[in-house]
Amino acid sequence: MHYLLIYELAPDYLERRGTYRDEHLDLAWKAHERGELVLGGAVQEPVDTAILLFQGDSPEAAERFAKEDPYVKNGLVLKWKVRPWMTVVGDGASSPVKPG
């Protein structure tokens, strides 16, 4: 199953992220190496949202990531939520559905 971790970013996110970026990226790459985090990044123009795609049997890895993330701990993320995402098309789809 896939899970989307969705961040609502603070208006001054770009100005403040430098202080915490290495720690955030270290956390993200370690989650990727464990097979939990598939992709992640900020939505552009405007940079007001970030989306991280997790995979697993439960939302636990995504929730744990948010709770440990220095961006969350230091107020660069105003709100976050985890949503299950039923993926049906693509090589990595958790529930592939083909026509016919």
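Any read-out appearing in this document is the output of simple, stated calculations on the displayed coordinates, not a laboratory observation. Not measured: the values here are computed from a predicted model. Methodologically, a virtual Cβ is constructed for each residue, glycine included, from the backbone with ideal geometry; neighbour enumeration extends over all protein chains shown.
Structure data summary
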{"read-out": "MRE, 222 nm, helices only [DSSP H, n ≥ 4, -39500 (n - 2.57), over the chain, to nearest 500]", "value": "-8000 deg cm²/dmol"}
{"read-out": "Student exercise, the chain dipole from Lys, Arg, Asp, Glu Cβ charges, in Debye to nearest 20", "value": "220"}
{"read-out": "5 angstrom amide H check on V43, placed H, neighbours 5+ away", "value": "D48, T49, A50, I51"}
{"read-out": "Reduced Cα scattering model of the stretch 9-71, Debye log10 I(q)/I(0), q = 0.16, 0.29 Å⁻¹", "value": "-0.53, -1.35"}
{"read-out": "Farthest toward positive dipole pole in the chain [+1 Lys/Arg, -1 Asp/Glu at C-beta], among A62, G75, A50", "value": "A62"}
{"read-out": "Amide H contacts under 5 Å for W85, placed H, 5+ residues apart", "value": "H2, Y3, L4"}
{"read-out": "On Cα atoms only, tilt of 21-33 relative to the major axis of the chain in degrees", "value": "20"}
{"read-out": "Taking M86, M1 and counting other C-beta atoms within 10 Å, the order from fewest to most", "value": "M86, M1"}
{"read-out": "Spatially near lysine pairs across the chain, Cα under 16 Å, sequence gap of 8 or more or different chains", "value": "4"}
{"read-out": "D22-L78 pseudo-label distance in nm [points 7 Å out on the Cα-to-Cβ vector]", "value": "3.0"}
{"read-out": "Sparse-neighbourhood loop sites, trypsin sites (Lys or Arg not before Pro) in the stretch 1-65 - DSSP loop, at most 13 other Cβ within 10 angstrom", "value": "R34"}
{"read-out": "Gaussian network model of the chain, springs between alpha carbon atoms under 10 Å - residue of G90, G18, G40 with greatest fluctuation", "value": "G90"}
{"read-out": "Estimated distance in nm for a label pair at L14 and S95, the labels positioned 7 Å out from Cα along Cα-to-Cβ", "value": "3.8"}
